[in-house]
1. Kindly indicate whether Val124 is among the aliphatic types (A, V, I, L, M) and closer than 12 Å to Trp214 by Cα.
2. Restricted to the stretch 212-231, and to residues that are among the small types (Gly, Ala, Ser) and surrounded by fewer than 22 Cβ atoms within 10 Å (Cβ to Cβ), which residue is nearest to Asp157 (Cα to Cα)?
3. Filter the stretch 201-212 for residues that are touching an Asp or Glu at 6+ places or on another chain (Cβ under 8 Å) and free of Cβ contacts under 8 Å to residues at least 60 places away in the same chain and give the result.
4. Mind checking which residues of the stretch 99-139 are open to solvent by 20 Å² or more (accessible area, probe 1.4 Å) and in a strand (DSSP E or B)?
5. Give me the pairs, please: first residue somewhere in the stretch 213-230 and in contact (Cβ under 8 Å) with a residue 24 or more places away in the chain, second residue anywhere and acidic (Asp, Glu) and buried (at least 24 other Cβ atoms within 10 Å of the Cβ), beta-carbon distance under 7 Å, and either six or more positions apart or on two chains.
6. Tell me which residues, restricted to the stretch 183-211, are part of a strand (DSSP E or B), open to solvent by less than 40 Å² (accessible area, probe 1.4 Å) and either over 17 Å from Leu221 (Cα atoms) or small (Gly, Ala, Ser) (or both).
7. In the stretch 163-180, is there at least one residue being out of contact with any Pro (no Cβ under 8 Å at 6 or more places or on another chain), under 19 Å from Thr109 (Cα atoms) and either open to solvent by less than 30 Å² (accessible area, probe 1.4 Å) or of a type in the set (A, V, I, L, M, F, W, C) (or both)?
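The values are calculated or read from the model by the stated rules, or taken from the named source; none is laboratory data. Because the structure is a prediction, the values reported are computed rather than measured. Note: ideal-geometry Cβ built from the backbone for every residue, glycine included; neighbour counts use all protein chains shown. To get the accessible areas, we keep the full protein, side chains included, count just its heavy atoms, and leave off ligands, DNA and RNA. Shrake-Rupley method; radii C 1.70, N 1.55, O 1.52, S 1.80 Å.
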Amino acid sequence: MASGIARALHTPSRPASAALVAAVLAAVVASACGLGTTSPVTQGPSEGASSPPASASGGPTPTVSPAPTAVPLGSPSTTPGSSPGESPLPTPASSGDAAVAACFGSADTKGFFGSFADAVDWPVYCVVLPSGWSVVSGTFHLGNGGTLSIQYRRKADDARLTLDEGSYCTVATGCVPSGTAAGPVTVGGMDGHLIATDGGGYAAIVASGEQPSWRLTSTGLDQATFTDLAGALFLIER
């Protein structure tokens, strides 16, 4: 094979440039040794990955996440108030929406309540709290009539307050916490019933077992403070 390569490179018919010589050498070597030609390697998707389906226009088809909407917490609110039974001073400028100005929390939290109230056809209430409280977490989703849940914490003693409203309960018992009936209670102007829960807290229930219904639960609060907060729930007018 080597002698054939030499004869091909030294054929005296015409002079060859260095580049041409190199090209001829590569071709002859490949042919003589049976190497053939190769194609560029294309990197495919990684294992387990999939490409989004194409839409009629050729672009990817958008998808909608089924996850519930979460409240953006922002900075904890420090709206002033003198006692748990008093409403904090409203701050309409921070929310941009007078209907939710009295709701406790940052502008984002107020917007969270406003967006939900706009999307459902039943009365939505928000919590009114004095200073010292902050929002822990909150979510809502619009399926089955709509459900909202939001939790608050008082830093000084780790007291907790949770508001659930809408279609949060799907059983006939009304999702009432285990405990002892403690009489009637006013919940944002609605008639409810008070439960002294087995965990040492309190719960206020309105329209138990119905959709919508409302439930305010607490730990770390005495009965008087809890009933004051239940009565101060604020109706978002839409």
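1. Working: among the aliphatic types (A, V, I, L, M): yes; closer than 12 Å to Trp214 by Cα: yes.
So Val124 fits the description; yes.
2. Residue satisfying both the conditions and the ranking: Gly220.
3. As a first pass, look at the stretch 201-212 and keep what is touching an Asp or Glu at 6+ places or on another chain (Cβ under 8 Å): 206, 212.
Correct list: Val206 only.
4. Ser134, Val135, Val136, Ser137, Thr139
5. Note: pairs meeting the criteria are Trp214/Glu165.
6. Selection gives Gly183, Met190, Gly192, Ala196, Ala203, Ala204, Val206.
7. Yes, the conditions are met somewhere in the stretch 163-180.
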